[in-house]
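Scroll down for the structure; my scribbles are underneath it.
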Amino acid sequence: MTKCANWLTGNILAIQEHLDEKNPPNFPPTQWWVFLFAVQAFAAESSKTFIAQQGRATLLSEQRAMLRRLIETHKRMTHMKGPIHSSAIAKMTGKQFESNGEYVLEHVHALAFLQSLDIWVLEALESLDPDTKLQTVVAVAKLFVNGASEISVITAEREAANAAYDDTPLVLRINY
């Protein structure tokens with residue numbers, strides 16, 4: 001998915017030019033493209049983490065730490081807050097936000113994240129009517145809070161028999 005999203009977002013100008021020239025009866029609306037840029041950013045960071053874990057004999061604590069770092073990365077990207085107790089979330093008033101589990105992302109921060117992705121996204125957001133723009137911002141906020149909430153409950157496992165590994169993971173040797 002990341003390769004496809006990378007290609008689409010990397011070639012957006014050529015794709016838009018082609019669509020404008022050919023004028024097909026059906027093509028994705030602007031808000032779909034904006035959301036794709038957000039998905040690409042989310043997936044790029046997530047892929048790094050999951051690919052780094054593939055085929056490794058890591059300790060459970062290392063797996064959990066990698067998943068926590070992924071959530072922290074997503075939090076830094078969007079200024080998402082969490083984990084926050086549900087009672088504190090219930091007391092949040094006067095702000096528009098999306099939440100899932102213990103994670104909260106204000107709409108203003110989701111919009112700022114989108115605006116920072118690419119100049120094309122910034123211009124596309126300006127071209128959207130206010131309702132469509134809000135729907136897009138809400139969708140992006142939900143993407144990140146749902147992602148963080150689900151990643152936080154991923155259970156790191158040992159191996160099929162749930163037995164401990166025979167040896168500890170290899171350590172990279174650094175020659176100075």
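The values are calculated or read from the model by the stated rules, or taken from the named source; none is laboratory data. None of these values were measured; they are calculated from a predicted model. Reconstructed Cβ throughout: ideal geometry from the backbone, glycine too, with neighbour counts over all protein chains shown.
How many residues are part of a helix (DSSP H, G or I), hydrophobic (A, V, I, L, M, F, W, C) and modelled with pLDDT of 95 or more when one looks only at segment 69-112?
Of the residues in that region, 7 qualify.
Would you mention how many residues in segment 113-134 are assigned to a helix (DSSP H, G or I) and within 17 Å of the chain's Cα centre (by Cα)?
Residues meeting the conditions: 6.
Here are some residues: ILE151, ILE174. Which one is at pLDDT below 95, under 25 Å from ASN100 (Cα atoms) and of a type in the set (Val, Ile, Thr)?
ILE151 is the lone residue from the list that is at pLDDT below 95, under 25 Å from ASN100 (Cα atoms) and of a type in the set (Val, Ile, Thr).
Given the criterion among the acidic types (Asp, Glu) and under 16 Å from SER149 (Cα atoms), identify the matching residue among GLU98, GLU17.
None of the others qualify; the one that does is GLU98.
Return yes when VAL137 is part of a helix (DSSP H, G or I), within 14 Å of the chain's Cα centre (by Cα) and buried (at least 17 other Cβ atoms within 10 Å of the Cβ) and no when it is not.
On the way: part of a helix (DSSP H, G or I): yes; within 14 Å of the chain's Cα centre (by Cα): yes; buried (at least 17 other Cβ atoms within 10 Å of the Cβ): yes.
Against the criterion (part of a helix (DSSP H, G or I), within 14 Å of the chain's Cα centre (by Cα) and buried (at least 17 other Cβ atoms within 10 Å of the Cβ)), VAL137 qualifies.
For THR30, state whether it is modelled with pLDDT of 90 or more and hydroxyl-bearing (Ser, Thr, Tyr). Steps first, please.
Values: modelled with pLDDT of 90 or more: yes; hydroxyl-bearing (Ser, Thr, Tyr): yes.
Yes: the conditions hold for THR30.
Out of all the residues in segment 36-68, which are over 23 Å from LYS3 (Cβ atoms) and either outside any helix (DSSP H, G or I) or among the basic types (Lys, Arg) (or both)?
ALA57, THR58, LEU59, ARG64, ARG68
PRO24 versus (1) in a helix (DSSP H, G or I); (2) surrounded by fewer than 12 Cβ atoms within 10 Å (Cβ to Cβ): which is the lone unmet condition?
PRO24 satisfies all of (1) in a helix (DSSP H, G or I); (2) surrounded by fewer than 12 Cβ atoms within 10 Å (Cβ to Cβ) except (1).
Could you tell me whether segment 39-52 includes any residue that is surrounded by fewer than 17 Cβ atoms within 10 Å (Cβ to Cβ), in contact with a strand residue (DSSP E or B) (Cβ under 9 Å, 6 or more places away or on another chain) and of a type outside the set (A, V, I, L, M, F, W, C)?
no
Regarding ILE119, is this residue touching a Ser or Thr at 6+ places or on another chain (Cβ under 9 Å), surrounded by fewer than 19 Cβ atoms within 10 Å (Cβ to Cβ) and of a type outside the set (Lys, Arg)?
On the way: touching a Ser or Thr at 6+ places or on another chain (Cβ under 9 Å): no; surrounded by fewer than 19 Cβ atoms within 10 Å (Cβ to Cβ): yes; of a type outside the set (Lys, Arg): yes.
So ILE119 fails the test.
In the list GLU98, GLU62, which residue meets the criterion of being under 15 Å from VAL138 (Cα atoms) and among the acidic types (Asp, Glu)?
Testing whether each residue is under 15 Å from VAL138 (Cα atoms) and among the acidic types (Asp, Glu) leaves just GLU98.
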